[in-house]
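Beneath this line is the structure, given in structure tokens, with notes to follow.
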Amino acid sequence: QVQLVESGGGLVQAGGSLRLSCAASGSIVDIRTMGWYRQAPEKQRELVAVITSGGSTNYADSVKGRFTISRDNAKNTVYLQMNSLKPEDTAVYYCNADIWAIFSRTRDYWGHGTQVTVSS
């Protein structure tokens with residue numbers, strides 16, 4: 001039984017900042033890759049940023065230079081610092097993690113999402 005819980009979403013003006021957090025809990029043996037996805041109304045879910053257990057990162061071109069992904073392995077938590085936010089960043093943001101749990105093969109888990117709304 002593994003859960004991912006996101007927090008930190010909200011309403012912000014264009015040019016502002018938000019910091020999203022995602023904490024994993026349960027019978028966790030190891031967490032490998034963690035990432036953030038987002039989905040706007042009438043659009044497909046897209047990868048925003050990903051970070052490996054070794055600290056390597058990748059970002060969507062649309063957020064490079066503005067967003068930073070990081071993780072705290074002691075807390076089983078991944079963060080997404082979002083700066084210089086634009087209205088087109090408005091979406092539900094989902095946390096994803098590749099987790100090895102007790103008596104389970106490694107597989108993906110998803111959070112329930114947190115809303116980010118950027119006004120102009």
Pick from region 18-55, criterion open to solvent by less than 60 Å² (accessible area, probe 1.4 Å) and not in a strand (DSSP E or B), ranking: farthest from Trp110 (Cα to Cα): Gly55
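Could you list all residues from region 1-17 that are surrounded by fewer than 16 Cβ atoms within 10 Å (Cβ to Cβ) and modelled with pLDDT of 95 or more?
Gln3, Val5, Ser7, Gly10, Leu11, Gln13, Ala14, Gly15, Gly16, Ser17
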Taking region 58-107 and keeping residues touching a residue at least 12 places away in the same chain (Cβ under 8 Å), under 28 Å from Ala14 (Cβ atoms) and among the hydroxyl-bearing types (Ser, Thr, Tyr) leaves Ser62, Thr68, Ser70, Thr77, Tyr79, Ser84, Thr90, Tyr93, Tyr94
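The values are calculated or read from the model by the stated rules, or taken from the named source; none is laboratory data. Just so you know, these numbers come straight off a predicted model, no measurement behind them. Backbone-built Cβ (ideal geometry, glycine too); neighbour counts: all protein chains shown. For the accessible areas, the whole protein counts, side chains as well, though only heavy atoms, and no ligand, DNA or RNA atoms are used. Shrake-Rupley method; radii C 1.70, N 1.55, O 1.52, S 1.80 Å.
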